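The values are calculated or read from the model by the stated rules, or taken from the named source; none is laboratory data. In this text the structure is predicted, and so the values were computed from the model without any measurement. Neighbour counts are summed over all protein chains in view; Cβ atoms, including those assigned to glycine, are modelled from backbone coordinates with ideal geometry. Just the protein is used for accessible areas: all its heavy atoms, side chains included, with ligands, DNA and RNA removed. Shrake-Rupley method; radii C 1.70, N 1.55, O 1.52, S 1.80 Å.
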Amino acid sequence: MAQSLPEPATPLHKLEFVLLFLLTVLLFIYVTAHLDSRAAQNDAQENLQVGLTLSQTSVYGPTPTSIGYHQREPFIPGLIALMDLGHRVLSFDRANRDCASPEHVTESTCRTSYQSYKILNAFFFALLPIVCFLLTLRLTKHRVLAYGVALWIGLDKTLIEQTHTFVSEVPAAFLVVAATLVSIRFADRATIRKGIGLGVLLAALTLTKVVFAYAWLFILLALVVNAKLQDTFDRRFLVGVTALAAAYAVLVGGYMTRNALQANDFALVENRSYPVHGIRASYNSMSDAEFRAGFTYYLPGSKKDPDLMGRFDIRADNGFRQMGIRAYQDRSEKLSDEGRSPAEVSSELSANAQRDMLESPIQHLKISLLMAYRGLFVMQGFGHESRSRNSTIAQGLGFDNFPRLGVHFPSFVQAVLGIGSFLALLGVALLAWLRRETVLFLAVLLALYSHSVYALVSHFIPRYSVPVLPLRIVALVACLYFVIRGLQKLVHESRLRQSRSNA
């Protein structure tokens, strides 16, 4: 019978809880002090606009007339709305919702007015080292490694950079690690409370990143397999997974029901995948020579051959990205000129983009390998950039010389960490299969799921990897630990055999 990984040999001491709490508070203060006033743009601008409109007009959408809006996932706009309501309760200066509009969002006074709302990201970022500490300790039973991972996460430049905007990467990263940790705890001992907690975390993750909409099915399947292997597939387990499914269904299904009632669309989001699918269809048109060259182009620090790699440039008019954008824009204009409604245009564009993307399945799978490779290189360094081009919260409070430290990794280090951390995910998954320990697979499941989906259906800009970056770091450290421990065991057994033969 396969056994679950054992619990940590010693529980956390009260002093450790105090230490972790103090470090979290200090990290929160430090990151908050450096939050700058850069403008919210693209996805971040829309999240901010929807959140402020929700809190100030009670309508979920970019304008008070946007009844039935569901273009963006609701979790981040909802938290921004709560932040705005908190500002009102505490009598703090609130950002006017007009400041979040595309016309005013870049103005200096507006950028300053919504700067403090970025504390939301600083809060989630400050919690990340704790959950990563607990996950690493659970996997390795090694406190030094757990503290090392927590320190790494707390200093990671890529994650820190995402705290300055209103995109959902940092909250999603926290939810990914928290859901992973709770899923392992549930596998150890299923309870209703853990089931509800896991269901809520997975629902929040889905309502933050729609890409995780089907992740709960894989989590559930892994839990069932684990229960079968451990012979714990009993009434308590069934009650726990029922609680998990119910919590998930209430939150996600409730939001989808709202969309059905207000927009006649029982879906998480509107048909907005066609830009990504359209661009991906353009990438699928690359030649074999370009496919091979792509592995060099996306490698950090590599030399770019403009003759062979010119179409990889996202700004080039004849590049894959720009050609894909023009294709769906031209098609959109044509459909609009034919008198189609916006809903019909969106539906037609989505269907066409998917058909174009999957026109050649073999080519699509081939390019998916390159896209998966592109998403590897996201680790940039430690700390902050040496200087911010925008005013920070610390400067606004009169602390002009607040320390701002940072180290940027050389290209070689970025490449090694990118490739190594992904191989570590595969290594932990392989170890789970060899040992028949499903909880090990649960530790990397969400990272492998996310990476696979983005590789298959998108052009995988590196930002898409940020939510699973902490899991990759945990996997890298854990995998190295397992390898070293395994080698030590082999050496020890070899010495025992040799001593016995000499005797």
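Among the listed pairs LYS209/LYS334; LYS157/LYS304; LYS118/LYS209, those with a Cα-Cα distance over 22 Å are LYS209/LYS334; LYS157/LYS304. Overall, the range 28-153 carries a charge dipole of about 620 debye about its Cα centre when +1 sits on the Cβ of Lys and Arg and -1 on the Cβ of Asp and Glu, all other atoms neutral.
Per residue, the chain exposes 48 Å² of accessible surface when a 1.4 Å probe is rolled over the protein heavy atoms with every protein chain present. Between the range 453-479 and the range 168-212, the alpha-carbon centres lie 17 Å apart. Taken about its Cα centre, the range 387-503 carries a charge dipole of roughly 320 debye when the Cβ of each Lys and Arg holds +1 and the Cβ of each Asp and Glu holds -1.
Rounded, prolate or oblate: which fits the range 218-300 when a ≥ b ≥ c are the square roots of the eigenvalues of the alpha-carbon gyration tensor, with rounded for a/c under 1.5 and prolate only if a/b beats b/c?
Because a/c hits 1.5 or more and a/b fails to exceed b/c, the range 218-300 counts as oblate.
Highest mean first, the peptides 221-234, 467-480 sorted by other C-beta atoms within 10 Å per residue fall in the order 467-480, 221-234. For GLN488 and ILE29, the FRET efficiency from 1/(1 + (r/R0)^6), where r spans their Cβ atoms and R0 equals 51 Å, is about 0.80.
Placing unit charges on each Cβ (+1 for Lys and Arg, -1 for Asp and Glu) gives the chain a dipole about its Cα centre, and among GLY301, VAL239, ALA289 the Cα reaching farthest toward its positive end belongs to VAL239. Counting 0.36 nm for each residue step from LEU480 to ARG143 and taking away their Cα separation leaves a gain of 119.8 nm.
For the chain, the Kirkwood radius over C-alpha pairs fed into Stokes-Einstein at 4 °C and 1.567 mPa s yields D = 53 µm² per second.
Across the range 303-335, the residues whose backbone nitrogen lies under 20 Å from the label position 7 Å along the beta-carbon direction of SER411 are 303-316. In this structure ASP400 has an accessible area near 110 Å², from a 1.4 Å probe over the protein heavy atoms. Measuring nothing but how far apart in sequence close Cα pairs (under 8 Å, 6+ apart) lie, relative to its length, the chain scores a relative contact order of 19 percent. As a ratio to 2.2 N^0.38 Å, the alpha-carbon radius of gyration for the range 160-228 is 1.19.
Report note on the peptides 338-345, 191-198: ranked by the mean count of other C-beta atoms within 10 Å, highest first, their order is 191-198, 338-345. Computed with every protein chain present, the accessible area of THR24 is close to 20 Å² [probe 1.4 Å]. Here the extension length gained between LEU217 and SER391 equals 58.2 nm, from 0.36 nm per residue of separation less the Cα-Cα distance.
In a simple Cβ point-charge model (Lys, Arg +1; Asp, Glu -1; nothing else charged), the chain has a dipole of about 1980 debye relative to its Cα centre. Here is how the number arises for the chain: DSSP H runs of 4 or more residues each give -39500 (n - 2.57), the sum is divided by the residue count, and the result at 222 nm is -21000 deg cm²/dmol. Sorting 259-265, 244-250, 279-285 by average packing, meaning the other beta carbons within 10 Å per residue, from highest down gives 279-285, 244-250, 259-265. Of the trypsin sites (Lys or Arg not before Pro) found in the range 360-460, those in coil by DSSP whose Cβ has at most 13 other Cβ atoms within 10 Å are ARG387, ARG389. Membrane-span-like helices in the chain (whole DSSP H runs, Cα extent of at least 15 Å along the helix axis, mean Kyte-Doolittle hydropathy of at least 1.0): 14-33, 75-89, 119-140, 143-155, 169-188, 192-206, 215-230, 235-248, 411-435, 438-457. Is the shape of the range 288-409 best called rounded, prolate or oblate, per the rule: a/c under 1.5 gives rounded, else a/b larger than b/c gives prolate, else oblate, with a ≥ b ≥ c the square roots of the Cα gyration tensor eigenvalues? It comes out oblate by the Cα gyration axes.
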